[in-house]
Amino acid sequence: MSTFTQVAATDWETWVVTKDATILDVREPHEWAQGTLPDALLIPQGQLMDRLHEIPNDRPVLCVCRSGSRSANVALFLAYNDFEAANMAGGMKALGMQA
């Protein structure tokens, strides 16, 4: 069974730096416009299948969304497809960056 890591929102930066990870924001463009994490790659969840090749698979991936639900689904999908995946628990809401 494939699993992924849960990363506390307050620990996202340490996790990304320590792991040299890619940040994958799976929100929609109008949500992205409200703010995102530095150097994040935007691939909305609905486009993931068509754009999977854009995600580096040689390094861990931290998935991010508004509340942590969509990104958990994406992290599970990525883990199932042999990525080292993590979910930012609580999403951007936990950082106070989205209502």
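Please name whichever of Q45, A21, L78 sits farthest to the positive end of the charge dipole of the chain, dipole taken about the Cα centre and charges placed at Cβ: Lys and Arg +1, Asp and Glu -1.
Q45
What is the distance in Å between the Cα centres of segment 63-92 and segment 6-43?
Value for the Cα centre distance between the two parts: 10 Å.
Give me the distance in nm between label points sitting 7 Å out from Cα along the Cα-to-Cβ direction at L95 and E28, one decimal.
Here the modelled spin labels are 2.1 nm apart.
What is the gain in length, in nm to one decimal, between D82 and S2 on full extension, counting 0.36 nm per residue of separation less the C-alpha to C-alpha distance?
Residue separation times 0.36 nm, minus the Cα-Cα distance, leaves 28.0 nm.
Restricting the calculation to Cα positions, tell me the Rg (one decimal) and the Dmax (whole number) of the chain in Å.
Cα-based Rg and Dmax for the chain come out at 11.9, 35 Å.
In debye, nearest 20, what is the charge dipole magnitude of segment 22-90 about its Cα centre with +1 on Lys and Arg Cβ and -1 on Asp and Glu Cβ, if you could check?
Numbers: 5 positive and 9 negative charges, 43 e Å.
Dipole size: approximately 200 debye.
As an exercise, identify the chymotrypsin sites (Phe, Trp or Tyr not before Pro) in segment 1-95 lying in DSSP coil whose Cβ has no more than 14 other Cβ atoms within 10 Å.
Answer in residue order: no site qualifies.
Read the figures in this text as sums done on the coordinates, not as results from a lab. Please read these numbers as outputs of a predicted model, since none were measured by experiment. Cβ coordinates were reconstructed from backbone atoms using ideal geometry, including for glycine residues, and neighbour counts include every protein chain displayed.
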